[in-house]
Amino acid sequence: MDDWTWLGPPLDVRPLFPVERGALADLLAALEPDEWARPTVCPGWTVRDVAGHILHDYVRRLSAGRDRHPGPEFGSGETLAAFLARTNEDFVRTARQISPRLLIDLLAHLGAQLDVEWSGREMGGPAGVDVAWAAPGREAPAWLDIAREYSELWVHQQQIRDAVGRPGATAPRLLHPVLDTFLRALPQTLHRTPAPVATTVRVRVPGPAGGRWTAVRRADRWTLDHDAPAPAAGADAEAEVDAEVVIGADTLWRLATRGITVRTAHDRATTRGDTTLSDAALDIVSIVWEPSPEQP
């Protein structure tokens, strides 16, 4: 495998999958029939559709990763984002035939199998795929691919919670790894931003789930320093960097998944230092996504 130390230390989120899934199961089991039909932030998808998409994630991962079963082929000239949108929509449309009770049962059954699949992976070994928003075109290590999967499942649960007005699943144990995963996109986010060697850009997320992530411009690329716990008020909070973005955890994960616009995130964040660098950092995207004219 290539050296991935430039992207910070590996993280192992495997113990969190059953915890996150347990919170999802409790949430879905408590929904009233009309709540399954509530619209979500995902265009055209209801709560049941998002739950069906989570099931698709389980099916796809087990079929492709464990069973080496070939998936659908790309259409002629189809981009990755368009391919994912098409195949996701195909599965969600089919999953509308599944009752909520059966959907919950299938998530529990297949989720446990996926836990077994993850447990057997060598975290430093090859994932077999890239993580396009962190290092496009390079085969990622398994730890990054699995962390990407955990963060996606966590976000989909939050989308359901938002739709039905149920808070939860934001304990630091569950949320911090999501933020840590998303901020692995920071070097890629900055890679086209000119800066002298040793330039530093820090993203600081206050609160118990937060931390500090510092991108450093090296001779060949931007790299990501190890994250650290968020400092107490006034304690090392103003350590010298060329640019800093202070952003809340809730705003960060929504920005990284384009649940809110860059403009909205900028209004909610505090920046200091070089505005070219801080503006570039606030353009972070940690999903495969193609912007529309309505969502800068």
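Is there any pair with a first residue in the range 265-281 that is modelled with pLDDT under 95 and a second that is outside any helix (DSSP H, G or I) whose Cβ atoms are under 8 Å apart and which are 6 or more apart or on different chains, and what are they?
Partner pairs satisfying both residue conditions: none exist.
Out of P39, P72, P43, P33, report the one residue that is closer than 24 Å to T257 by Cβ, modelled with pLDDT of 95 or more and surrounded by fewer than 16 Cβ atoms within 10 Å (Cβ to Cβ).
Just a single option satisfies the conditions, and that option is P39.
Looking at P72, P18 in this structure, which one is under 21 Å from the mean Cα position of the chain (by Cα) and in contact (Cβ under 8 Å) with a residue 12 or more places away in the chain?
Going through P72, P18 in turn, the sole match is P18.
The values are calculated or read from the model by the stated rules, or taken from the named source; none is laboratory data. Computed from a predicted structure; not experimentally measured. All Cβ positions, even for glycine, are placed from backbone atoms using ideal geometry, and neighbour counts span all protein chains on display.
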